[in-house]
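Everything on this sheet refers to the single structure shown next.
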Amino acid sequence: MWRFVQITDPHLASDRDGVWNNRFLCSMMPEVMACLRRDLEALQPEFILATGDICSHQTRDAMFEARDLMDSLAVPYYPMGGNHDFVVHDSRAWFLEAFAHRLPRPATVYSFDHRDLHFCVLDAWWLWGDGTLSEVGEKAVAEHLDVMLKDARWAIPPDQLRWIEEDLEAHANTPTLIAVHYPAVPVPKRMRRPDYRDAGSLENGAMLLELLRGFPQVRAIFSGHVHMHFIEELDGIVQVATGALPEYPTEYRDIRVFDDRIEVDTLALSDPAFAKRSLIPGREWTSGESRDRAVVIPLD
Ligand SMILES: [Fe+2]
Ligand SMILES: [Fe+2]
């Protein structure tokens with residue numbers, strides 16, 4: 001058995017505190033990362049899959065500050081971008097520069113092998129109101145990114161769909177996990193409450209799933225973005241969506257890989273004070289039901 005962990009949406013390099021479905025407390029992240037460092041030292045994962053919204057402030061300096069905090073965890077990691085990382089024209093250049101030492105190639109879309117697993121990392125683009133697919137966010141949407149996601153939409157560009165198809169054809173015999181910031185499906189209805197705030201999902205998630213189902217080696221998609229936990233079995237592919245570190249329940253996923261299966265579990269930080277600070281009483285539902293907190297994915 002070996003293990004890796006998924007952390008997501010740390011929203012580093014920002015002092016902004018606000019409310020999403022619970023209190024969203026970026027200012028506590030340096031303390032959270034210090035706690036996580038201690039926790040991971042005990043857990044000994046072989047690497048971290050960091051599924052986007054790593055940096056919550058759109059400057060080059062902020063990207064490097066976020067990188068330094070990620071490095072402070074002292075565990076190798078695979079970074080990817082989310083809607084808070086990739087907003088302006090230079091975002092991806094800053095990302096490639098800051099995370100060069102962690103990327104298997106100088107690209108925001110890449111694949112890698114670890115032991116007997118293959119991983120594909122995707123980078124969804126912004127879908128503008130007029131249907132244009134762009135690397136940058138529409139000005140009006142980008143301006144209110146910190147407080148709401150009105151009119152914000154994302155999709156996997158056609159070039160990436162072709163890339164993933166070729167990559168999966170070349171790795172047909174290796175069990176494969178996909179990582180992309182946005183889930184392929186919306187938050188399930190069973191999770192929603194009247195005052196629930198919806199962050200959205202991939203606009204072409206159904207198309208992506210259809211493509212992936214043509215490759216039986218694909219077992220799961222790991223995502224963040226929705227700042228809550230859910231797990232859905234989608235005709236042979238398991239969508240694991242994981243909550244954000246600065247927001248209740250301030251948890252991450254522990255993924256243990258055996259010869260014949262992958263066991264996904266959900267772990268809290270050892271210091272319960274962060275979750276307590278973020279929780280708005282009555283909104284515990286963002287931590288999911290038991291089926292959203294653990295799943296076994298067969299590998300054979
Ligand atoms: Fe986020
Ligand atoms: Fe996001």
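The values are calculated or read from the model by the stated rules, or taken from the named source; none is laboratory data. The structure displayed is predicted, hence computed values, not measured ones. In this analysis, Cβ positions are derived from the backbone assuming ideal geometry, glycine residues included, and neighbour counts consider all displayed protein chains. What goes into the accessible areas is simple: the full protein's heavy atoms, side chains included, and nothing from ligands, DNA or RNA. Shrake-Rupley method; radii C 1.70, N 1.55, O 1.52, S 1.80 Å.
Annotations
- Across the chain, the longest piece that holds none of the GluC sites (Glu not before Pro) lying in DSSP loops with up to 14 other C-beta atoms within 10 Å covers 47-288.
- Once the Cα-Cα distance is subtracted from the 0.36 nm per residue extended length, the K276 to R102 segment shows a gain of 59.4 nm.
- Here the calculated FRET efficiency for T59 and Y196, from their Cβ-Cβ distance with R0 = 41 Å, stands at 0.85, rounded to the nearest 0.05.
- Nearest-0.05 FRET efficiency for S290 and Q217, computed from C-beta distance (R0 35 Å): 0.80
- At a probe radius of 1.4 angstrom, the accessible area of the range 111-234 per residue rounds to 44 square angstrom.
- Antiparallel DSSP beta bridges within the chain, percent to nearest 5: 65
- Label zone at R115, where the point sits 7 Å out along the Cα-to-Cβ direction: the range 162-191 residues whose backbone N lies under 18 Å: 174-178
- The phi torsions of the range 74-89, fed into the Karplus equation with coefficients 6.51, -1.76 and 1.60 and a -60° offset, translate into couplings of 6, 10, x, 9, 10, x, 8, x, x, 5, 8, 7, 10, 10, 10, 3 Hz, rounded to whole numbers, with Gly and Pro shown as x.
- Alpha-carbon spread of the range 247-300, three principal axes, descending order, Å: 42, 20, 12
- Dipole in debye (nearest 20) - the range 2-298, about Cα centre, beta carbon charges: Lys, Arg +1; Asp, Glu -1: 620
- The range 1-100: mean projected area of Cα convex hull, nm²: 6.5
- Those trypsin sites (Lys or Arg not before Pro) in the range 37-136 that DSSP places in a loop and that have at most 10 other beta carbons within 10 Å: R115
- Approximate spin-label separation D68-E210, in nm, with each point projected 7 Å along Cα-to-Cβ: 4.8
- Accessible-area composition of the chain, carbon plus sulfur, in percent [1.4 Å probe]: 50
- The range 38-162 - Rg and Dmax from Cα coordinates, angstrom: 15.4, 49
- Summarising the overall dimensions of the chain from its C-alpha atoms, the Rg and Dmax are 17.6, 49 angstrom.
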